[in-house]
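Undergrad: Shown below is the structure under consideration.
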Amino acid sequence: MPERLHTPRRLPLGAVLPLAATGAWAAASMTGMLSGPMAVSPLEVLTTPFLDASGRELWLSLLATMLRVLVGGAIGGIVGLMLGYAAGMYRVASLGLAPTVHTIRQVALFAWIPLLTAWFGNGEGTKLVFIGLSTFFPLFLATEQGVRGTPEKLVDVARTLKLKRWTRVSKLYLPAALPSIYVGLQIAVLSAWIGTIGAEYAIGNGRGLGSYIASARDQFRMDIVLVGVFALAGGGVLLTTAVRSLTAQLSPWAQDQS
Amino acid sequence: MTALAIEHVSKSYALNGVQRPVLNDISFDVAPNEIVSIVGASGCGKSTLLRLIVGLDEDYRGSIIQGGVSDTKAAKVGMVFQDHRLYPWLTVGANVDLAFDASNLRKPERLARVHHYLQLVGLSDYEKAYPKQLSGGMAQRAAIARALAQEPDILLMDEPFGALDSILRMRLQDELLSIWEKNRVSIVIVTHDVEEALYLGNRVIVMEPDPGRIRDVFEIELARPRDRADPRLAALKQRCLATLVGREALS
């Protein structure tokens, strides 16, 4: 790729489409093509989270949502990890658990909301359980698959060295399952993000990005709705990137030799 | 006194519902500090035999008795596989340290021993390296260090140098012998290389396949260090090969 050398500081190709769209949007609202009570300009969307009283709610909402993702996601993820490990390790656990899990997984996540609100009420409990469910399945499946895929040859070594049970878990099965768990984690974090917003939006009360958007919609504040939508995209990208860089740091053996 | 006694060991696998014998009535002893080489064509069950001795497979007939130093303490058995089988996510040092997991040594003592065994195989500078940063020969040496670190009474080696080029193989054979001279350990080494078997072994057991059984046993009474060009080794090699290939074919 020699032509790359001649273009040192060009705009990243990925930025062209969003910038062009924003430009068209700005032009449309300035020329009056975009008008009416629901029309907003890019500038309004940009200033709303800082200048508008209701718009400023964004930051606390974002924080509340992130916290919810972390807590609910961690609970579901840890349960998924442990049960997935058991299912990958022990035939009994696999035969006992897998059919149920694989069947329940077929139920669309949001179909749980009526049941969960009936069981746990309209509060934080339902949201956390819901988010937990959204991370449980990807991590259960990934861990089960990863642990089961542990090379038999390395298991032989553990047996000839008479490794203790916990050493086998921490130095053999979990590291062997890590690549698979990382893939599961990336799916889980996205699923938790979408699940959290969905739960907040559907249940409506309490602080959070989902309720932020829902109440803005009820007040016909399109600028705030758009701010919320952009925050959704940004938060999702942030979480995915964080997980990716974290997993890269946690497995130095997978890096190229330096 | 014997370090290891194999008595009338037989083993068969079920293949499509039919029992296929892989080992048939194997018996031999290994004396303390003795090196026994086992040669044979592939499929003669020599690797299976090692798996039985180390306890990876307990489904067999006959008995395998590990003598040990005393009656109260069971003998420790270490194993080196053909491929190094280091854990890719652990450094070389941490891989060797796994050997102490079953012991109750304290951390500083473990560290000192990891140093010692890595030094023994010439890998002192690679303690912090990951297995993928090592060459094939270095990784195999690390695997040998891991097995030696268990301080086994019996060291089983399943074609440990089989995947290496011939120059490296000769060097590692000599390294193995010098380690063996420093550590009192009995070695059972499985190989398909007759020269390797003769050069290393106090005794060479020749096996034949279908089902795996002992064809012949050669005592190698040459003093060490041995000369690879020794005509007596060449003569033994001729006899060994004749046994392996079958007397009729060569006469």
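The values are calculated or read from the model by the stated rules, or taken from the named source; none is laboratory data. Worth saying up front: this structure is predicted, and the values here are computed from it rather than measured. Don't worry about glycine lacking a Cβ; one is built from the backbone with ideal geometry, like all the others, and counts go over all protein chains shown. The area values use the complete protein model at the heavy-atom level, side chains included, leaving out ligands, DNA and RNA. Shrake-Rupley method; radii C 1.70, N 1.55, O 1.52, S 1.80 Å.
Undergrad: Going through the range B:119-149 one residue at a time, which ones are buried (at least 24 other Cβ atoms within 10 Å of the Cβ) and of a type in the set (D, E, K, R)?
TA: Passing the criteria: B:ARG141, B:ARG146.
Undergrad: If I ask for residues that are among the β-branched types (Val, Ile, Thr) and surrounded by 13 or more Cβ atoms within 10 Å (Cβ to Cβ), which ones from the range B:226-246 would you list?
TA: Residue satisfying the conditions is B:THR243 alone.
Undergrad: Could you look through the range B:81-100, keep only residues that are outside any helix (DSSP H, G or I) and within 18 Å of the chain's Cα centre (by Cα), and pick out the one that is nearest to B:GLU159 (Cα to Cα)?
TA: B:GLN82
Undergrad: Which members of the range A:159-204 meet the condition of being open to solvent by 50 Å² or more (accessible area, probe 1.4 Å) and within 14 Å of chain B (Cβ to nearest Cβ)?
TA: A:ARG159, A:LYS162, A:LYS164, A:ARG165, A:TRP166, A:ARG168, A:LYS171, A:LEU174, A:PRO179
Undergrad: If B:LEU52 satisfies every condition in (1) within 26 Å of B:MET138 (Cα to Cα); (2) of a type in the set (A, V, I, L, M); (3) touching a residue at least 24 places away in the same chain (Cβ under 8 Å) but one, which is the exception?
TA: B:LEU52 satisfies every listed condition except (1).
Undergrad: Further question: Residues of the range A:115-158 being part of a helix (DSSP H, G or I), open to solvent by 40 Å² or more (accessible area, probe 1.4 Å) and within 14 Å of another protein chain (Cβ to nearest Cβ), which ones?
TA: A:GLU152, A:LYS153
Undergrad: Would you mind stating whether B:TYR60 is touching a Leu at 6+ places or on another chain (Cβ under 6 Å) and open to solvent by 60 Å² or more (accessible area, probe 1.4 Å)?
TA: When the stated conditions are applied, B:TYR60 passes them.
Undergrad: Let me ask another. So which helices (runs of 4 or more DSSP H) are wholly in the range A:1-103 and hold at least 3 residues that are closer than 27 Å to A:THR126 by Cβ?
TA: A:57-89
Undergrad: From the list B:VAL96, B:VAL77, B:VAL92, B:VAL18, which one is open to solvent by less than 30 Å² (accessible area, probe 1.4 Å) and under 26 Å from B:PRO211 (Cβ atoms)?
TA: B:VAL77 is the lone residue from the list that is open to solvent by less than 30 Å² (accessible area, probe 1.4 Å) and under 26 Å from B:PRO211 (Cβ atoms).
Undergrad: Mind listing whichever residues of the range B:28-56 are open to solvent by less than 50 Å² (accessible area, probe 1.4 Å) and not hydrophobic (A, V, I, L, M, F, W, C)?
TA: If the condition is that a residue be open to solvent by less than 50 Å² (accessible area, probe 1.4 Å) and not hydrophobic (A, V, I, L, M, F, W, C), then B:PRO32, B:GLU34, B:SER37, B:GLY40, B:GLY45, B:LYS46, B:SER47, B:THR48, B:GLY55 are the ones that fit.
Undergrad: At pLDDT 90 or above, more than 10 Å from every other protein chain (Cβ to nearest Cβ) and farther than 25 Å from A:TRP166 by Cα: which single residue out of B:GLY93, B:GLY62, B:GLY68 fits that description?
TA: B:GLY62
Undergrad: Sticking with this structure for a sec: Taking the range B:106-127 only, how many residues are within 13 Å of chain A (Cβ to nearest Cβ) and in contact with a Lys or Arg (Cβ under 8 Å, 6 or more places away or on another chain)?
TA: Here the count works out to 0.
Undergrad: Grab the strands (runs of 3 or more DSSP E) fully contained in the range B:140-224, keeping just those with 2 or more residues being out of contact with any Leu (no Cβ under 7 Å at 6 or more places or on another chain) and of a type outside the set (A, V, I, L, M).
TA: In the range B:140-224, the matching strands (runs of 3 or more DSSP E) lie at B:203-208, B:213-219.
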